[in-house]
Amino acid sequence: MKNAGFPIFATYRPMTKNLVVVGGGFAGTKASRALERTLPPDWTLTLISQDNFMTFNPLLPEVVGASIQPGHVVAPHRQMIHCSHVCMAQVTEIDTSNRVVHYLGEGAGTIRYDQLVLACGANANLDIVEGMAGYALPLKTLGDALCLRNRIISRLEQAELQPDVQHRRWLMTFIVVGGGFSGVETAGERTDSLYASLRYYKRVRPEDIRLVLLHGGDRLLPELSPSLGAFTFRKLRARDVDVRLNALAVRVTDRGVHLDAGEIIEGGTVICTIGTKSNDLLDYIPAEKIRGRLVVNPDLSVPGVDGMWAAGDCASVVNALDGKSCPPTAQFADAQAQQLAANIIARLKGEPTRPFRHRPNGQLASVGHNEAVAEVFGLKLSGLVAWLMWRGLYLLRIPTFARKARLFLEWNWAMFFPPDISHLGYRRSQRRGTRPSGVLIATQALPGGLPK
């Protein structure tokens, strides 16, 4: 049966005005935490998110590398937002004319809003390269990281059973597409964990492992300075990562990746860290968009749509500090959410709003083996010092003290002990008369099957 909004609103506060935040990522969570402390008493804030937790995406490569447990990179919304309503539901439509949000949770329903914050982020775009949707694994969500972690452990188990050397090397070849932050960190973490796991796989030799990093540009980490990109290139090459610059992937098959130059790189696992597309919810918003992102005013309000605001990856925001478009990073999402919350409160009070202006603190990236690169406040760092700074910064940014303590202990544990090689398949007990799900799982895990 269809609900006319959440019942709690209609029972004891029928005259309450509603501020709805759609999206529980960096921007949505930050805006909700800032707004719930400053909203007038006659306003109610509701956060609607498809997941009931926020994912700390910069640490997903460490989940892939089994350096940390999956639960250490997420934080439940209800442990961070205490004075507002948190709803785990999927928003299916936004009616801007009637100011109604349609959702699908425990049944379908609607909720009226007076002010709406869009922080729904962006999705992975696997259609950017032919065949990538069918044969490559993305790294955008916690589910992606767990799937990729299981795939890599499966390849180790399969290689252990494979007597043929060529087939075994195909299984142990991992191709990472994209030389940005996610691609570099995934390659670095994956290299560390693979070699550390070999002690448990006696038939797999170090020479069987091959990790290829493909990047379409002329240097890695284009967001950083050329010198740090060159340092990253040297460090990955020194650890036997086959780094290919100016290498454009044009096709992905069950056997490997085809490059624009005609070369075919064969490998059993292809990891995609490039390409994003806009959230489908933006199709309901009658506003201008650039590359699928909502164009917003300097104060982060959506022009032409009264009562709507946007921040994060779904918004095209111009930084008033330099007049450039903001990159889709967690640092800018946090800063945008903070300014957006302040502007909403100013609008409700009838005060002037302020344009978004943010001076970035810098960028950091781990390249594996206790080394990283960093560019902080104009200072360029690399090596162990940058790695310690990288870990310290992310430890401070992880929400809730409990998560910080767990992550700190897990990092220290990983320095002295090998990575976890458990395959988290989550196999369920079978009901009578049903086909074993293990066959389906194995088929899905191996597109194209093992080479004959």
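The values are calculated or read from the model by the stated rules, or taken from the named source; none is laboratory data. Quick caveat, the model's predicted, so the values are computed rather than measured. So basically every Cβ, Gly included, is an ideal-geometry build from the backbone, and we count neighbours across all protein chains shown. Heavy atoms of the whole protein, side chains included, go into the accessibility calculation; ligands, DNA and RNA do not. Shrake-Rupley method; radii C 1.70, N 1.55, O 1.52, S 1.80 Å.
In segment 188-215, how many residues are within 23 Å of the chain's Cα centre (by Cα) and at pLDDT below 95?
Residues flagged as within 23 Å of the chain's Cα centre (by Cα) and at pLDDT below 95 within segment 188-215 amount to 7.
Cβ-Cβ below 8 Å, separation at least six or inter-chain, first residue in segment 201-216 and farther than 12 Å from residue 168 by Cα, second of a type in the set (Asp, Glu) and at pLDDT below 95: which pairs?
So the pair list comes out as 211/240.
When residue 243 is evaluated against the numbered criteria (1) open to solvent by less than 50 Å² (accessible area, probe 1.4 Å); (2) closer than 22 Å to residue 145 by Cβ, which criterion, by number, is the only one it fails?
The number of the failed condition is (2).
Which residues, taken from segment 280-316, are within 30 Å of residue 61 (Cα to Cα) and either aliphatic (A, V, I, L, M) or buried (at least 21 other Cβ atoms within 10 Å of the Cβ) (or both)?
Hits for segment 280-316 are 281, 282, 290, 293, 294, 310, 311, 312, 313, 314, 315.
Condition check ((1) of a type in the set (Ser, Thr, Tyr); (2) within 29 Å of residue 142 (Cβ to Cβ)) across all residues:
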position: 186; (1), (2): yes, yes
position: 189; (1), (2): no, yes
position: 198; (1), (2): no, yes
position: 225; (1), (2): yes, no
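Going by the conditions given, is residue 135 open to solvent by less than 20 Å² (accessible area, probe 1.4 Å), in contact with a Gly (Cβ under 9 Å, 6 or more places away or on another chain) and among the aromatic types (Phe, Trp, Tyr)?
no
Report, ordered by the first and then the second residue, all pairs with beta carbons closer than 7 Å, sequence separation of six or more or different chains, a first member in segment 234-257 that is without any contact (Cβ under 8 Å) to a residue 60 or more places away in the chain, and a second member that is open to solvent by 50 Å² or more (accessible area, probe 1.4 Å) and of a type outside the set (Ser, Thr, Tyr).
From segment 234-257, the pairs are 242/210; 246/218; 248/260.
Using the structure shown, decide if residue 62 is buried (at least 20 other Cβ atoms within 10 Å of the Cβ), within 24 Å of the chain's Cα centre (by Cα) and among the acidic types (Asp, Glu).
In short, yes.
Every residue in segment 369-403 that is outside any strand (DSSP E or B), over 25 Å from residue 26 (Cβ atoms) and touching a Lys or Arg at 6+ places or on another chain (Cβ under 7 Å), please.
Scanning segment 369-403 gives a single hit, 369.
To keep it simple, each residue is scored yes or no on (1) among the polar types (S, T, N, Q); (2) under 20 Å from residue 63 (Cα atoms).
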site: 195; (1), (2): no, yes
site: 201; (1), (2): no, no
site: 225; (1), (2): yes, no
site: 244; (1), (2): no, no
site: 261; (1), (2): no, no
site: 270; (1), (2): no, yes
site: 276; (1), (2): yes, no
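Give segment 371-417 a look and list any residue that's over 24 Å from residue 226 (Cα atoms) and open to solvent by less than 20 Å² (accessible area, probe 1.4 Å), or say none.
Within segment 371-417, 398, 399, 407, 411 meet the criteria.
Cβ-Cβ below 8 Å, separation at least six or inter-chain, first residue in segment 29-57 and within 24 Å of residue 329 (Cα to Cα), second surrounded by 21 or more Cβ atoms within 10 Å (Cβ to Cβ) and of a type in the set (D, E, K, R): which pairs?
57/140
Condition (residue is open to solvent by less than 10 Å² (accessible area, probe 1.4 Å), in contact with an Asp or Glu (Cβ under 6 Å, 6 or more places away or on another chain) and within 18 Å of residue 269 (Cα to Cα)) applied to segment 158-175: is it met by at least one residue?
Within segment 158-175 (the criterion being open to solvent by less than 10 Å² (accessible area, probe 1.4 Å), in contact with an Asp or Glu (Cβ under 6 Å, 6 or more places away or on another chain) and within 18 Å of residue 269 (Cα to Cα)), the answer is yes, since at least one residue qualifies.
For segment 10-25: of the residues being open to solvent by 30 Å² or more (accessible area, probe 1.4 Å) and not small (Gly, Ala, Ser), which is modelled with the highest pLDDT?
Top of the filtered list is 17.
Would you mention how many residues in segment 300-350 are at positive phi and outside any helix (DSSP H, G or I)?
Final tally of qualifying residues: 5.
Looking at (1) modelled with pLDDT under 95; (2) surrounded by fewer than 18 Cβ atoms within 10 Å (Cβ to Cβ); (3) not basic (Lys, Arg), which one does residue 224 not meet, given that it meets all the others?
Checking residue 224 against (1) modelled with pLDDT under 95; (2) surrounded by fewer than 18 Cβ atoms within 10 Å (Cβ to Cβ); (3) not basic (Lys, Arg), the one that fails is (2).
Only one residue in 154, 97 is out of contact with any Phe, Trp or Tyr (no Cβ under 8 Å at 6 or more places or on another chain) and free of Cβ contacts under 8 Å to residues at least 24 places away in the same chain. Which one? Step through it out loud before you land on a result.
On the way: 154 fails: free of Cβ contacts under 8 Å to residues at least 24 places away in the same chain.
When all the criteria are applied, what remains is 97.
Mind listing whichever residues of segment 52-95 are of a type in the set (A, V, I, L, M, F, W, C) and in a helix (DSSP H, G or I)?
Residues satisfying the conditions are 59, 60, 63, 64, 73.
Name the residues in segment 67-87 that are surrounded by fewer than 18 Cβ atoms within 10 Å (Cβ to Cβ) and polar (S, T, N, Q), would you?
69, 79
Name the single residue, out of those in segment 88-110 being at pLDDT 95 or above, of a type outside the set (S, T, N, Q) and open to solvent by less than 50 Å² (accessible area, probe 1.4 Å), that is nearest to residue 398 (Cα to Cα).
So the residue we want is 89.
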